[in-house]
Every structure is written in structure tokens, then in C-alpha cells.
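> This is the structure, below, for whatever I ask next.
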Amino acid sequence: VKSIAVLTSGGDSQGMNAAVRAVVRSALYNGLEVYAVQRGYQGLINDDIRQMDLRSVGDIIQRGGTVLQTARCEEMRTLEGQQKAAENLKKRGIDGLVVIGGDGSYQGAHKLTLQGIRTMGVPGTIDNDIPFTDFTIGFDTAVSIVVDAINKLRDTMTSHERSSVVEVMGRHCGDIALYAGLASGAEAILVPEVEFDLQAVAKRMRDNFEHGKKHSIIVVAEGVGEGENVAKQLTESSGVDSRVTVLGHIQRGGTPTHNDRVLASRLGDFAVRRLIEGDSSKGVGLVNGELVATDIDKIVTSKKPFNLDMYDLALRLSQ
Ligand code: F6P
């Protein structure tokens, strides 16, 4: 490849900017021309593309959100949209594309490969739901935000001897709930990957309060349903007063942690190097400390395994 473009797509995540910076700087370092596409695939179809230089990505490594903006694009699901997107790249002589995003973004990249564009996916989502990488960019920051919120909730719950039900994001994946729950000493972690018995959770909560516990934290992944319903059932069955907090999009903002910046920098650079080596239609990741590139086909048809050992640990420690 001689010239590449970069875009961010789907829901944003902290560290996307660090990944954009890495792609641009790595491409320039390796003598490539590099372009940025604004607003994800929609911008690609609308020809919203500009050339980047070293300074275009200055002062963004620490910023949340994405300076390239992002969108969810229906048109990209059609053959016409895919052809238009590829044409807009080809007419500028751009033959490689780095897509920073989640599952849906990877599928778009795969379609562009069929139109003759070399593509590379970089996992950017708070959900940590992309297989063949231990972590996705943004997950670490999102978990830190949840842990910070739970620290605060714990103070006021203890004063009032209440239970706090905290609903967190993650779509169909329970990883944000799992990691945040373990890190904040939650009494129960409800995730879509593991069946649970709400009556048993309520009984344990009541027993714990009877034995002197002054607060209880229940983390609910959005994939199992609304925190509001969980709280209602728990209060009815346990008699313990509860309050619900839905953290929502707060989990997607703010300055990325050093872990997310380092991950973004390594994966962005690796994606560029793989394109230069002639690779295409792959998603990059970090597995056990090793940089890996896996077929997008395989990534989008696989499910990330849930860490049951960690889940059991969280339960054992929350007695
Ligand atoms: O995929 C990231 C994510 O934040 C999910 O955790 C959540 O379900 C969804 O996006 C929210 O989407 P939107 O930003 O469109 O409300």
C-alpha cells in the first residue's frame, strides 16, 4: 500500500483518538500518505475525506470521544453504499483503510475488502466484546468510571443502610459488569453469560444485612435487562431498601486511562504495519501480551469467551 485512510465507526470509546494518532503517525513514519474520514462509513460514502499530516493529530492522545466523529451507517449495508465508499477511496489512490470500532464496523471493513480495498480493524469499544483480543480500546477507562461511581455510591448506601443497584453498559457482553463488580467488591454481578437466581441474591442480601452488613452493591449488565426491574424484585423479596443508578453514556466519556492509550498506540501502529506487509481483512488484537491479527470473518462469527473463573472469584470474595 502507498496511501491509507483511517476512520472511527460505531459507538465511540475512550482511546479512539490515541488510535487515530498512532495510525497517522505510524503511516507517515513509514512513508505513506494518510487520510482521515469524518463520521465513519457515512463520511466515506459522502466523500468527507481529508489528508493528514503530523500536526493533524497533535494534542488528541488524552482526549475522550473521537476527533473524526462517528456514526452508525445503514447505507454501508447495501452493495451500492459499499461501492460508493470504495470508489471515493480509489479516486484518491487510497488502497488501504484502518477501521477503528466494534463488530458492525468490522463487517463494513470486510465488505470493502470485496471491493478491492485492503482493510484492517482496530478494536475500539467499551464493551470488550470483540474476540481475539484480551481487551478492546476504551474498556479499561469505562471500568474505571464504573468503579469510581460505585465508590461514591457505597458511601451514601452505607449511611442509609441501603442496597445500590448499578446498571452498566456492555450490550450483550458482561465484561464491564464483571471487572467493575470484582474491583468494587460487589455482592452480586448479573451478566447475560451466567444464569442467576434473583431470589437467592435477595436472600443473601437480607442475611448479610441481618448479620451487620451496612450496604450492598449489585452490578447489573444491561444485557440482562433494566436495573430498575432488578431493584424492584430485590426490594420486594429482601425487604432491603434499594436505589438504582443507570450510569449510561458517562461510561463512554472522559480522558482515557494509560492502559487504553498504550493499547491504542500499539494496535494502531500494528494495523498500519500489517497493511504495509500486504495483509488485509484482519482485526488486530493483543493476546497474552502478543500482537496478533485474525481474519475478520473469524472475528465476527466467534463469541468472546466469558471469564467464569473471575466470575466465581468475585462471588467467593463477596461473602
Ligand atoms: O457499544 C457501545 C455501547 O455504549 C453499548 O454498551 C450500549 O449498549 C450502546 O453502545 C449504546 O448505544 P448508543 O450510543 O447508540 O446509545
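The values are calculated or read from the model by the stated rules, or taken from the named source; none is laboratory data. A quick note: this is a predicted structure, and the numbers were derived from the prediction, not measured. Backbone-built Cβ (ideal geometry, glycine too); neighbour counts: all protein chains shown. Side chains included, ligands, DNA and RNA excluded: accessible areas come from the protein's heavy atoms. Shrake-Rupley method; radii C 1.70, N 1.55, O 1.52, S 1.80 Å.
> Please list, ordered by first then second residue, the pairs with beta carbon atoms under 9 Å, 6 or more apart or interchain, first in the range 68-82 and touching a residue at least 60 places away in the same chain (Cβ under 8 Å), second among the charged types (D, E, K, R) and in a loop (DSSP other than H, G, I, E, B).
Hits for this filter: 68/39; 69/12; 69/39; 70/12; 70/39; 71/39; 73/39.
> Can I ask one more? Taking the range 143-183 as the search range and keeping residues that are among the basic types (Lys, Arg) and more than 19 Å from the chain's Cα centre (by Cα), which one is most open to solvent (accessible area, probe 1.4 Å)? Reasoning before the result, please.
So in the range 143-183, the residues among the basic types (Lys, Arg) come out as 152, 154, 162, 171.
The next check asks that each one be more than 19 Å from the chain's Cα centre (by Cα); those that pass are 152, 154, 162.
On the way: 152: 124, 154: 67, 162: 45 Å².
Filtering the range 143-183 for residues that are among the basic types (Lys, Arg) and more than 19 Å from the chain's Cα centre (by Cα), the one most open to solvent (accessible area, probe 1.4 Å) comes out as 152.
> Ok, one more. Do you know which of the residues in the range 249-258 that are on the phi < 0 side of the Ramachandran plot and within 16 Å of the ligand (Cβ to nearest atom) is surrounded by the fewest Cβ atoms within 10 Å (Cβ to Cβ)? Give the steps one after another, and end with the answer.
Taking the range 249-258 and keeping what is on the phi < 0 side of the Ramachandran plot, we get 249-253, 255-258.
Filter again for within 16 Å of the ligand (Cβ to nearest atom), leaving 249-253, 256.
Values: 249: 10, 250: 14, 251: 24, 252: 20, 253: 14, 256: 27.
Here the answer is 249.
> Which one of these is in a helix (DSSP H, G or I), of a type in the set (Lys, Arg) and exposed (fewer than 13 other Cβ atoms within 10 Å of the Cβ): 316, 274, 261?
Among 316, 274, 261, only 316 is in a helix (DSSP H, G or I), of a type in the set (Lys, Arg) and exposed (fewer than 13 other Cβ atoms within 10 Å of the Cβ).
> Just name the residue that is nearest to residue 62 (Cα to Cα) out of those in the range 249-258 that are in a helix (DSSP H, G or I) and under 15 Å from the mean Cα position of the chain (by Cα).
Residue satisfying both the conditions and the ranking: 252.
> Take the residues of the range 184-194 that are more than 16 Å from the ligand (Cβ to nearest atom) and over 19 Å from residue 235 (Cα atoms): which is surrounded by the most Cβ atoms within 10 Å (Cβ to Cβ)?
Per the stated criteria, the residue is 184.
> Considering only residues that are in contact (Cβ under 8 Å) with a residue 12 or more places away in the chain, of a type outside the set (A, V, I, L, M, F, W, C) and part of a loop (DSSP other than H, G, I, E, B), which ones fall in the range 24-36?
Answer for the range 24-36, where residues must be in contact (Cβ under 8 Å) with a residue 12 or more places away in the chain, of a type outside the set (A, V, I, L, M, F, W, C) and part of a loop (DSSP other than H, G, I, E, B): just 30.
> How many residues are more than 18 Å from residue 145 (Cα to Cα) and within 22 Å of the chain's Cα centre (by Cα) when one looks only at the range 184-197?
The number of residues fulfilling the criteria is 5.
> Tell me which residues, restricted to the range 232-248, are part of a helix (DSSP H, G or I), more than 16 Å from the ligand (Cβ to nearest atom), surrounded by fewer than 22 Cβ atoms within 10 Å (Cβ to Cβ) and not acidic (Asp, Glu).
Residues satisfying the conditions are 232, 233, 235, 237.
> If you don't mind, another one. Return the residues of the range 124-139 that are within 16 Å of the ligand (Cβ to nearest atom) and open to solvent by 50 Å² or more (accessible area, probe 1.4 Å); say none if nothing qualifies.
Once the filter is applied, which keeps residues that are within 16 Å of the ligand (Cβ to nearest atom) and open to solvent by 50 Å² or more (accessible area, probe 1.4 Å), the range 124-139 yields only 135.
> Do the conditions hold for residue 213, that is, is it basic (Lys, Arg), modelled with pLDDT under 95 and more than 16 Å from the ligand (Cβ to nearest atom)?
yes
> Something else: In the range 37-123, which helices (runs of 4 or more DSSP H) lie fully inside it and hold 1 or more residues that are open to solvent by 10 Å² or more (accessible area, probe 1.4 Å) and among the hydrophobic types (A, V, I, L, M, F, W, C)?
Of the helices (runs of 4 or more DSSP H) lying wholly inside the range 37-123, those with at least 1 residues that are open to solvent by 10 Å² or more (accessible area, probe 1.4 Å) and among the hydrophobic types (A, V, I, L, M, F, W, C) span 79-90, 103-114.
> Now for a different question. Going through 294, 301 one at a time, which residue ends up being surrounded by fewer than 16 Cβ atoms within 10 Å (Cβ to Cβ) and out of contact with any helix residue (DSSP H, G or I) (no Cβ under 8 Å at 6 or more places or on another chain)?
Matching residue, one of 294, 301: 301.
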